[in-house]
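The values are calculated or read from the model by the stated rules, or taken from the named source; none is laboratory data. Computed from a predicted model, the values in this text were never measured in an experiment. Every residue, glycine among them, receives a Cβ derived from its backbone with ideal geometry; neighbour counts consider all protein chains shown. The area values use the complete protein model at the heavy-atom level, side chains included, leaving out ligands, DNA and RNA. Shrake-Rupley method; radii C 1.70, N 1.55, O 1.52, S 1.80 Å.
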Amino acid sequence: MTADGNIRAVVDALALPPGARVDARVPKKMLVEQGAPTPADKRAIQEGIDELQWFAACKPATIGVPAFSDDTREYLEIAVIGCAFRPAAKAGRLIELIHRAIPYPVLLITSDASGVAVSAAHKRKAQNEAGRTVIDRIVAATGLQPGAGDGAQLAFLQSVPLAQQPRSDLYALYAGWLARIEALNAARLTGAFVASDDSVTIDQRREALDAHTRLAKEIETLRGKARREKQLNRRVDMNMAIQRLEADLASYKKSL
């Protein structure tokens, strides 16, 4: 399957109504003008993006889900965007720039040599600038290979159709897609994909994923230090610390 075909496979899995589809190419110039704060970012967009496409506009009029607004957020539309990266593209930075450039919450599907990445980031009103939005953290699942037969990946794609998401408003809908991205990341650690819209379950899994990521980095750093340590007693202390962290890691894995 081509990179473009991989992106379309994920978009098709959303099962959006025809009225929501836009299927229009977005000029890179627009992204450069609206989402590149530095010359390096402009260069990253020009050199790293092969094609940017606006696949769908999920609005009350197109999908029958009400808008959402409170003191912090205003969700009038969810944009479904696809982007094919060129080799050597700075994928992480480009994903962040695309999320920042578009004023609506974005379900972003990107592709590069490592596969497809699906990402989401809640947006909220900027405190000091009327009409401007800022993103919360980006949640992404990377390395998807649509059509490869991976169990967790198949379960993820089967869980994302619009009809299976919370439909009370656009914020709840977007939170549903974001929670399924997190569920896929958890499934890659546990082997079992479990989609849930229960807020307690989602919060517990999110905290466990964050803790797992943090502990895995700490263990990796300590292992590197232990390999370089020449004093035996200090190396023993580090190895004992690694064992304690590994026990904590296993504990958090059970909460996923």
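Structure notes:
- Backbone HN-Hα couplings from phi across region 100-108 [Karplus 6.51/-1.76/1.60, Hz, Gly and Pro as x]: 6, 6, 9, x, 9, x, 10, 9, 10
- Taking every protein chain into account, the accessible area of the chain amounts to 52 square angstrom per residue (probe 1.4 Å).
- Candidates per GluC sites (Glu not before Pro) in region 143-228, loop by DSSP, up to 12 other Cβ within 10 Å: none
- Each Lys and Arg adds +1 at its Cβ and each Asp and Glu adds -1 at its Cβ; summed about the Cα centre, the chain shows a dipole of about 900 debye.
- Cβ charges +1 (Lys, Arg) and -1 (Asp, Glu), total dipole of region 205-254, debye: 160 debye
- Relative to the dominant Cα principal axis of the chain, helix 3-13 is inclined by about 80°.
- A viscosity of 0.890 mPa s and a temperature of 25 °C, combined with the Kirkwood radius over C-alpha pairs in the Stokes-Einstein formula, give region 114-186 a diffusion coefficient of 180 µm²/s.
- Antiparallel DSSP beta bridges within the chain, percent to nearest 5: 80 percent
- Surrounding net charge for Lys59, when Lys and Arg each add one and Asp and Glu each subtract one, Cβ distance under 15 Å: -1
- Stretching the chain fully between Ser168 and Asp70 yields a gain of 33.8 nm (0.36 nm per residue, less the alpha carbon separation).
- Length-normalised contact order for the chain - Cα pairs under 8 Å, 6+ apart - percent: 15 percent
- Most tightly packed first, judged by the mean number of other beta-carbon atoms within 10 Å of their residues, the peptides 61-67, 223-229 read 61-67, 223-229.
- Compared with the dominant principal axis of the Cα atoms in the chain, helix 232-254 is inclined by about 40°.
- Placed amide H near Ile49: partners under 5 Å, 5+ positions off or other chain: Arg86
- Database remark: amide H of Ala56 closer than 5 angstrom to the amide H of Val22, Asp23, Val80 (H placed geometrically; neighbours at sequence offset of 5 or more, or on other chains; Pro and chain starts carry no H).
- Nearest 10 degrees, 0 to 90: helix 39-48 Cα axis against the chain principal axis: 80 degrees
- Here the chain yields Rg over Rh of 1.02, to two decimals, using C-alpha coordinates and the Kirkwood radius.
- The HN-Hα couplings worked out from phi for region 127-143 by the Karplus form 6.51 cos²θ - 1.76 cosθ + 1.60 (θ = phi - 60°) are 6, 10, 8, 4, x, 9, 10, 10, 9, 6, 5, 8, 10, 9, 10, 10, x Hz, whole numbers, x standing for Gly and Pro.
- Largest first, the extents of the alpha carbon coordinates of region 205-254 on the three principal axes equal 39, 14, 9 Å.
- Extension gain from Lys29 to Lys254, taking 0.36 nm per residue of separation minus the Cα-Cα distance: 76.4 nm
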